[in-house]
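Asks: Okay, here's the structure, questions in a sec.
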Amino acid sequence: MNKKLFFILTIIHLNIFCISAQIYPVRPQLSDKHSFSMILLPDPQSYNKFDANQPLFELQTAWIANSIEPLNIKGVLCTGDLVEQNEIRIPDGINGNQTSEEQWQAASRAFERLDDKISYVVCTGNHDYGYEKAENRLCHLPDYFPSERNSCWKKSLVETGLNYQGIPTLENAAYEFETDTWGKLLVISLEFAPRDEAIEWAAKVAGKAKYKNHKVILLTHSYMSPEAKRHIKESYKISPANYGEAIWQKLVYPSSNICMVICGHECEIADYKGNVSFRTDKNSTGKNVAQMMFNAQTADGQWHGNGGDCWLRIMEFMPDGKTIKIKTFSPLFALSPLTSEKAWRTDSYDQFDITIE
């Protein structure tokens, strides 16, 4: 191929890319070209409970779909509470103006933007159970998120556990991700306030010989507070149930390969620091386990505001195989030159490094 033809083809390729790619004033990049990333979506319930907010959750998943290649995204994690109420027919207009069916449809519609493009892991929150908030273990996640809906799960979904009815669903599930620099990762998603049976299933999965060299990440909804204290008990009627400290004692501490716990759930009308937390503790083998809580549903200072200003976390897995760079970013603010300077949260509790042992 001569140089002139090569130049012409390059220009054509760039023009096609520019036509197809939206121009963001702020477009995140990996700090190392050999890194890969995972995206963490905090509780989306307040996006889905109001019809006017629902496009904001779709904005998040659309941004992820458009960023798969430039950020080398391997997977997406969501901390649960997909809806505000799991089973209501008459919205009160305060906790949302959508019926439960409309809320579940909105959550499903947002994740459709990722179907057949990338594996995502969704855990269940307290609002995804019962009628309003976890009066029992009735949950519509299996209705809207069956294992067949995303073709990417054919490769990544490797284990499923049983729900309270004894049916295998994605309420308890494990996903495998193969990487060049970190080896194999296993993400175990655990139901809200898991039953002993669910914890025993997760421990059995993590302990299987075929996963013994995997780095295991546990994703569950409720685990610790903004003060980084693991929950002992919460006031939900759902029973039997295990909360943060019990999850640590029964599952995380004894497991040699669970290296990280990620949760959401906690939120306050407070500054950003009041809705995030982080701690490390040593497991039974003496290795540090990173534990990270991230929520954003009151980021605009309201319980019934816009749902969270589209904040999410970019988790960049560095090629050294042990460092994860955490950055907190809003695709909403990144869209406009007038707000792009607000697209990053850069305080120490929102931008930091995690070392995995």
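The values are calculated or read from the model by the stated rules, or taken from the named source; none is laboratory data. Predicted, not measured: the structure shown is a model, and the values here were computed from it. Methodologically, a virtual Cβ is constructed for each residue, glycine included, from the backbone with ideal geometry; neighbour enumeration extends over all protein chains shown. Keep in mind that these areas ignore ligands, DNA and RNA; they rest on the heavy atoms of the full protein, side chains included. Shrake-Rupley method; radii C 1.70, N 1.55, O 1.52, S 1.80 Å.
Asks: In the stretch 36-355, with Lys and Arg counted as +1 and Asp and Glu as -1 at Cβ, which of these residues, Y47, I258, V276, has the Cα nearest the positive end of the dipole, that is, farthest along it?
Replies: Of the options given, the answer is I258.
Asks: Given the Cα-Cα distance of H34 and D347 and 0.36 nm per residue of separation, how much length would full extension add, in nm? Before the final figure, lay out each step's value.
Replies: Details: separation 313, 0.36 × 313 = 112.68 nm, distance 2.58 nm.
Taking 0.36 nm per residue and subtracting the Cα distance, the gain is 110.1 nm.
Asks: Which percent of the accessible heavy-atom area of the chain goes to carbon and sulfur, probe 1.4 angstrom?
Replies: On the way: 8050 of 15510 Å².
Carbon plus sulfur share of accessible area: 52 percent.
Asks: Rounded to the nearest 20 Debye, what is the dipole magnitude of the stretch 251-314 about its Cα centre when Lys and Arg each give +1 and Asp and Glu each give -1 at the C-beta?
Replies: Numbers: 5 positive and 6 negative charges, 85 e Å.
Using Cβ point charges on Lys, Arg, Asp and Glu, the stretch 251-314 gives about 400 debye.
Asks: Which order, highest average first, do 184-192, 89-97, 309-317 follow once you tally other Cβ atoms within 10 Å for each residue and take the mean per peptide? Working shown, then result.
Replies: Details: 184-192: 25.0, 89-97: 12.9, 309-317: 23.1.
Final packing ranking: 184-192, 309-317, 89-97.
Asks: Kindly identify the stretch 36-355 as rounded, prolate or oblate by the Cα gyration tensor criterion: order the square roots of the eigenvalues as a ≥ b ≥ c, call it rounded if a/c is under 1.5, otherwise compare a/b with b/c, prolate if a/b is larger, else oblate.
Replies: Numbers: a/c = 1.34, a/b = 1.11, b/c = 1.21.
In terms of gyration-tensor shape, rounded.
Asks: Which of the listed residues, A106, L59, F329, is farthest toward the dipole's positive end in the chain, when Lys, Arg count +1 and Asp, Glu count -1 at the beta-carbon?
Replies: So the residue furthest toward the plus end is F329.
Asks: Count charges around I64 for me, please; just the other residues with Cβ under 10 Å from its Cβ, Lys/Arg as +1, Asp/Glu as -1.
Replies: Overall, the nearby charge balance is +2.
Asks: Rounding to the nearest 20 debye, state how big the charge dipole of the stretch 36-355 is about its Cα centre with +1 on each Lys and Arg Cβ and -1 on each Asp and Glu Cβ.
Replies: On the way: 33 positive and 42 negative charges, 254 e Å.
With Lys and Arg at +1 and Asp and Glu at -1, about 1220 debye.
Asks: Next up: For the stretch 144-153, what does the Karplus curve 6.51 cos²θ - 1.76 cosθ + 1.60, with θ = phi - 60°, yield as ³J(HN,Hα) per residue in whole Hz, taken in order and with x for Gly and Pro?
Replies: Values, residue by residue: 9, 10, x, 5, 7, 6, 10, 4, 5, 6 Hz.
Asks: Along the charge dipole of the stretch 36-355, which of T285, Y349, N172 sits closest to the positive end, that is, farthest toward it, with unit charges on the beta carbon of Lys, Arg, Asp and Glu (+1, +1, -1, -1)?
Replies: T285
Asks: While we're on this one: Give the accessible surface of the stretch 175-217 per residue, rounded to a whole number of Å², with probe radius 1.4 Å and ligands, DNA and RNA excluded.
Replies: Working: 1770 Å² over 43 residues.
Solvent-accessible surface per residue comes out at 41 Å².
Asks: Between E112 and Q22, what FRET efficiency comes out of the Förster formula 1/(1 + (r/R0)^6) with R0 = 25 Å and r the beta carbon distance, rounded to 0.05?
Replies: On the way: r = 19 Å, r/R0 = 0.75.
Once the sixth-power term is evaluated, E becomes 0.85.
Asks: How many angstrom lie between the C-alpha centres of the stretch 203-245 and the stretch 326-357?
Replies: 26 Å
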